[in-house]
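> To start, I am sharing the structure in question, which I have written as structure tokens.
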Amino acid sequence: MFESAEIGHKVSKADYKKAVPGLRSALLEAQVDLYEGRKIPVVVLISGQDGAGKGETINLLYEWMDARFLTTLAFAPPTDEERERPPMWRYWRALPPKGQIGIFAGSWYSDPIREHIEGRLSLKELDARADQINRFEAMLVNEGALVLKFWFHLTQDAQKKRLKDLASDPRTAWRVTPWNWDRLKTYEQLQTTAGHLLRMTNTPGAPWVVVEGSNDHYRALTVGTVLRDALRARLASTARPTPPVAPMVRVDTDGRNVLSTMDLGLSLTDKHYANELAHWQGRLAELARDPRFKGRALVCAFEGADAAGKGGAIRRIYGALDARQYRTVPVAAPTDEERAQPYLWRFWRHLPRHGHVTLFDRTWYGRVLVERIEGFCTEADWMRAYTEINDFEHEMAEAGIILVKFWLQISQEEQLRRFQDREKVAFKRFKITDEDWRNRDKWDAYQQAVCDMVERTSTGTAPWTLVESNDKRYARIKILRTLCERLDTELARGHKHWASGEPAPGARAPTGKSAKPAKPEKSQGKADRKK
């Protein structure tokens, strides 16, 4: 990977001065076209060895281009807030919107390289991290982003000379610290690790550009030229790159599926419901205050047919939690800010810290449900979304987030009755819209999409719980009971249970059959219930 960056590339001062005006003009022109079109974001990674000119190059890009439409993100070791979330959380939050260029000084490559050199990450784990990075960058490219990755290279002798020159100049001496000299001792390890990672992540959609960093003029012109040409080519292209996809082949030959086999006649009496509600809310309150939960977080994802009772179920969860501990994220059509980012961005930014709970009323599954059915995205987009969603949920589990997903199912007849009731009640009229009525005409298409969703995204670490919701009381108790059982087992086993390859504690394959809510143990008599 580094041979072509060790042959002594040079550009004379005269040639540099001659080339810069035209290059600057072209970069500014491309930047204006990018901003006015607002069709794609540009992600520029500046990585490489100490002293290779990363900072100088970033400063030069700000001098050559319009700084209003550039953002630079420098990443130090993670803060406490960042460590309590998946490692990629801080990079997702920093992604530039469409029409702008985001320059990353340090990136998602920095931590795995450092951890491998320090012996905290095995080669096998480094390869797994590379696979994760490839999928992340492929998602960015498929969402329309232009991803440019630069690695600034120096030979060991050139790096030593560069650090000495910087240290001897009073204007730059502050940039050379004992830490930089210590890093020079690990040069060979960095070469081996970076070379391996660069080879593993040198993909067609996001290739690496290795730049020799010993000559300032050559380095600056190379980066500027690559950026100019990439912007021109991307802006001139009218077609967004999309991966090839195979057609859907799943067919229910006998007409049975995970939804049609559900027993929607399950119900509870008022008395049984009141007892069960008190019991499971009390248990949830205990688990949310358990000291072990301080090192974990909980995400509840609610999806379901219109009028299936998601809001009522969420409110029963509220009843067991401290208001300072939870937040609800209602998901509607994306805002202008959200449309300027990859579709998962608006969900990544709401992931909770340790000891907190986030409840999503509608979720990231909109991509494979409403966006699929209504044609808001292409078939290639929603087909690849299954894998992207599984990756997202795996990263949550890896970071200690307990994810519990619920699909609330009702019959068409029950939905019609609830729609009509909503129109009659003044304070519920806002909950019924023309869109709800229109969606009823697409019932079969939505049911098929739900079956595909469950089949492709009910994983060992994040299984779906299908909830029979014709009877709201039964549905609320099943949700609370499932939540408590999952929390109880997760906290008992601790973090990283997924690494064993076993299903998540309490996970069951989603089927239409479901046992009735278990009655409280006999030992939990009336006295205990009153508590």
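> Starting from the Cα of Thr489, step 7 Å along the direction of its Cβ; do the same at Asn202; then give the gap between the two resulting points in nm.
It is 4.6 nm.
> Taking a cut-off of 20 Å between Cα atoms, list the aspartates and glutamates near Lys13, but don't count ones fewer than 8 places away on the same chain.
Glu56, Glu63, Asp165, Glu212, Asp216
> Sorted by accessible area with a 1.4 angstrom probe, largest first, how do Met65, Met200 fall?
The most accessible residue leads, giving Met200, Met65.
> A further question follows. Quick one: helix 156-168 against the long Cα principal axis of the chain, what's the angle to the nearest 10°, folded into 0 to 90?
Roughly 80 degrees, rounded to the nearest 10.
> Going 7 Å from the Cα of Thr172 toward and past its Cβ, which residues in region 6-21 have a backbone nitrogen under 15 Å from where you end up?
Nothing falls inside the zone, counting backbone N under 15 Å.
> So, one more: Which one of Thr482, Val210, Ser4 is farthest out on the positive end of the charge dipole of the chain, using unit charges on Cβ (Lys, Arg +1; Asp, Glu -1) and the Cα centre as origin?
Of Thr482, Val210, Ser4, it is Thr482.
> Answer with one residue from Pro21, Gly102, Pro77: the one whose Cα lies farthest towards the positive end of the charge dipole of region 1-116, charges on Cβ with Lys, Arg +1 and Asp, Glu -1.
The residue sitting farthest along the positive end of the dipole is Pro21.
> Per 0.36 nm of contour for each residue apart, how much would the distance between Ile373 and Trp181 grow if the chain were fully extended, relative to their Cα-Cα spacing?
That pair, Ile373 and Trp181, stretches by 63.3 nm at full extension.
> If you put +1 on each Lys and Arg Cβ and -1 on each Asp and Glu Cβ, how big is the dipole of the chain around its Cα centre, in Debye rounded to 20?
The dipole of the chain has a size of about 1580 debye.
> Measuring from centroid to centroid over Cα atoms, what is the spacing of region 1-76 and region 320-396 in Å?
Comparing the Cα centres of region 1-76 and region 320-396, I get a distance of 34 Å.
> Continuing with the same structure: Ordered by packing density, taken as the mean number of other Cβ atoms within 10 Å over each peptide's residues, highest first, how do 292-301, 403-412, 68-77 rank?
Put in order of decreasing packing, that is 403-412, 292-301, 68-77.
> Between Asp33 and Glu125, what is the label-point separation in nm under the 7 Å Cα-to-beta-carbon projection?
4.6 nm
> Quote the relative contact order of region 52-162 in percent (integer), defining contacts as alpha-carbon pairs under 8 Å separated by 6+ residues.
Rounded, it is 30 percent for region 52-162.
> For region 315-447, what does the alpha-carbon gyration tensor say about shape, rounded, prolate or oblate, given a ≥ b ≥ c as the root eigenvalues, a/c under 1.5 as rounded, and a/b over b/c as prolate?
oblate
> Can you give the angle from 0 to 90° between the axis of helix 270-288 and the longest principal axis of the chain, with both taken from C-alpha atoms, to the nearest 10?
30 degrees
> Same structure, new question: Is the shape of region 249-340 rounded, prolate or oblate, going by the alpha carbon gyration tensor and its root eigenvalues a ≥ b ≥ c, with a/c under 1.5 for rounded and a/b larger than b/c for prolate?
Oblate.
> Listed here are the pairs Lys294/Lys405; Lys424/Lys478; Lys271/Lys424; Lys271/Lys472; Lys405/Lys478; which of them are more than 18 Å apart at the Cα?
Over 18 Å apart, Cα to Cα: Lys294/Lys405; Lys424/Lys478; Lys271/Lys424.
> A further question on this structure: Relative to the longest principal Cα axis of the chain, at what angle does helix 13-37 sit, 0 to 90 degrees, rounded to 10?
That works out to roughly 20 degrees.
> Also, quick follow-up: Please work out the FRET efficiency for the pair Thr387 and Thr79, using the Cβ-Cβ distance as r and a Förster radius of 41 Å; give the result to the nearest 0.05.
Computed FRET efficiency for Thr387 and Thr79: 0.85.
> If I model a spin label as a point 7 Å beyond the Cα along the Cα-Cβ vector, how far apart are those points for Phe419 and Arg292 in nm?
4.6 nm
> Given a cut-off of under 8 Å on Cα pairs at least six residues apart, what relative contact order in percent is computed for the chain?
18 percent
> Leaving ligands and nucleic acids out of the surface, order Ser260, Ser47 by accessible area at 1.4 Å, largest first.
Of Ser260, Ser47, the descending order of accessible area is Ser260, Ser47.
> Which entry in [x] -0.42, -0.85; [y] -0.37, -0.76; [z] -0.50, -0.87 is this structure's computed log10 I(q)/I(0) by the Debye sum over Cα atoms at q = 0.06, 0.09 Å⁻¹?
Given [x] -0.42, -0.85; [y] -0.37, -0.76; [z] -0.50, -0.87, the calculated one carries the label [y].
> Any idea which of Val404, Ile389, Gly460 is furthest toward the positive side of the dipole for region 387-466, if Lys and Arg beta-carbons carry +1 and Asp and Glu beta-carbons -1?
Going by the charge dipole, the pick is Val404.
> Moving on. For the chain, what is the accessible area per residue in Å² when the probe is 1.4 Å?
So the chain comes to 48 Å² accessible per residue, rounded to a whole number.
The values are calculated or read from the model by the stated rules, or taken from the named source; none is laboratory data. All figures in this text were calculated on a predicted structure; none of them were measured in a lab. Glycine also receives a Cβ, built like all others from the backbone with ideal geometry; neighbour counts cover every protein chain displayed. We work out accessible area using only protein heavy atoms, side chains counted, and drop any ligands, DNA or RNA first. Shrake-Rupley method; radii C 1.70, N 1.55, O 1.52, S 1.80 Å.
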